[in-house]
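Visitor: The structure under discussion is supplied below as structure tokens; questions concerning it will follow.
The values are calculated or read from the model by the stated rules, or taken from the named source; none is laboratory data. Here the structure is a predicted model, which means the values were calculated and not measured. Here the Cβ positions follow ideal geometry from the backbone for every residue, glycine too, while neighbour counts run over all protein chains shown. Accessible surface areas use protein heavy atoms only, side chains included; no ligands, DNA or RNA. Shrake-Rupley method; radii C 1.70, N 1.55, O 1.52, S 1.80 Å.
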Amino acid sequence: MTPEIRLRFDSDGVNWTEAAELMRRAPLNQKEPHALKTAFDNSDLICCAWHTDTLVGMARALSDGIFQSVIYDVCILPEYQGNHLGTRIMREMLDRLQTPNVILWAVPGKEAFYTRFGFHPMRTAMGRFENPERSAQQGYILLEGH
């Protein structure tokens with residue numbers, strides 16, 4: 001039986017140390033709790049998934065509210081994956097963003113999940129990264145000459 005999961009669109013009650021651990025286990029990049037809190041506080045839309053008092057998933061987005069949005073940090077604890085929680089989070093995020101164009105950062109290997117929501121690989125996206133070699137090693141970017 002699937003546990004009852006509540007979605008909320010605020011960060012009330014989030015323990016940011018636990019949120020950072022959720023991201024690490026999901027697995028996404030490791031982030032410091034204070035920096036993670038700041039990123040979520042500065043986002044236009046956030047979603048937190050709760051099983052009783054346990055944070056089990058989250059996502060965030062930036063948006064201009066008219067043309068473009070970008071979704072980041074969609075993550076779910078491994079033991080809660082496979083129960084359609086990611087689908088619920090994505091549908092709610094897209095419904096609330098209401099912009100015609102949405103870009104998404106996906107973990108390499110998870111692209112097929114996002115195609116179900118109408119996402120397509122991009123040919124012209126470019127990124128400037130703090131550590132391009134690490135980002136290439138993780139499969140996020142292609143480095144010229146490598």
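Visitor: Given charges of +1 on the Cβ of Lys and Arg and -1 on the Cβ of Asp and Glu, with all other atoms neutral, how large is the dipole of the chain about its Cα centre, in debye to the nearest 20? Display every interim value, and only then the final one.
Guide: Details: 15 positive and 18 negative charges, 74 e Å.
Its charge dipole is roughly 360 debye.
Visitor: Any chance you could run the full-extension gain for Leu143 through Asn131? It's 0.36 nm times the residue separation minus the Cα-Cα distance, nm to one decimal.
Guide: On the way: separation 12, 0.36 × 12 = 4.32 nm, distance 1.15 nm.
Residue separation times 0.36 nm, minus the Cα-Cα distance, leaves 3.2 nm.
Visitor: Follow-up. Based on the Kirkwood radius over alpha-carbon pairs, what value in µm²/s does the Stokes-Einstein equation return for the translational diffusion coefficient of segment 16-66 at 25 °C and 0.890 mPa s?
Guide: 213
Visitor: With every protein chain in place, what's the accessible area of Asp12 (1.4 Å probe, Å², nearest 10)?
Guide: We get 100 Å² for Asp12.
Visitor: Assuming R0 = 25 Å, can you tell me the calculated FRET efficiency for the pair His120 and Arg91, based on Cβ-Cβ distance, to the nearest 0.05?
Guide: 0.90
Visitor: To continue, here is another question. Just to make sure I understand: if all protein chains stay in place, what is the order of Glu18, Glu144 by accessible area at 1.4 Å, largest first? Spell out each step's value before the answer.
Guide: Details: Glu18 110, Glu144 175 Å².
Highest to lowest solvent-accessible surface, that is Glu144, Glu18.
Visitor: Right, here's the next one. Mean residue ellipticity at 222 nm from the helices of the chain, using -39,500 (n - 2.57) per DSSP H segment of n ≥ 4 over the full residue count, to the nearest 500 deg cm²/dmol?
Guide: Details: 5 runs with 43 residues, N = 146.
The per-residue figure over the chain is -8000 deg cm²/dmol.
Visitor: Which trypsin sites (Lys or Arg not before Pro) in segment 66-130 sit in a loop by DSSP (not H, G, I, E or B) and have at most 12 other Cβ atoms within 10 Å of their own Cβ?
Guide: On the way: sites: Arg88, Arg91, Arg96, Lys110, Arg116, Arg123, Arg128; in loops: Lys110, Arg116, Arg123, Arg128.
Sparse-neighbourhood loop trypsin sites (Lys or Arg not before Pro): Lys110, Arg116, Arg123, Arg128.
Visitor: Output needed: percent of Cα pairs per 5 Å distance bin for the chain, bins running from 0 to the one holding the longest distance.
Guide: Going from the shortest bin to the longest, the percentages are 2, 9, 18, 22, 21, 16, 8, 3, 1, 0, 0.
Visitor: Hey, can you find the accessible area per residue of segment 40-146 for me, probe 1.4 Å, expressed in square angstrom? Please list the in-between numbers first.
Guide: Numbers: 6950 Å² over 107 residues.
In whole numbers, segment 40-146 has 65 Å² accessible per residue.
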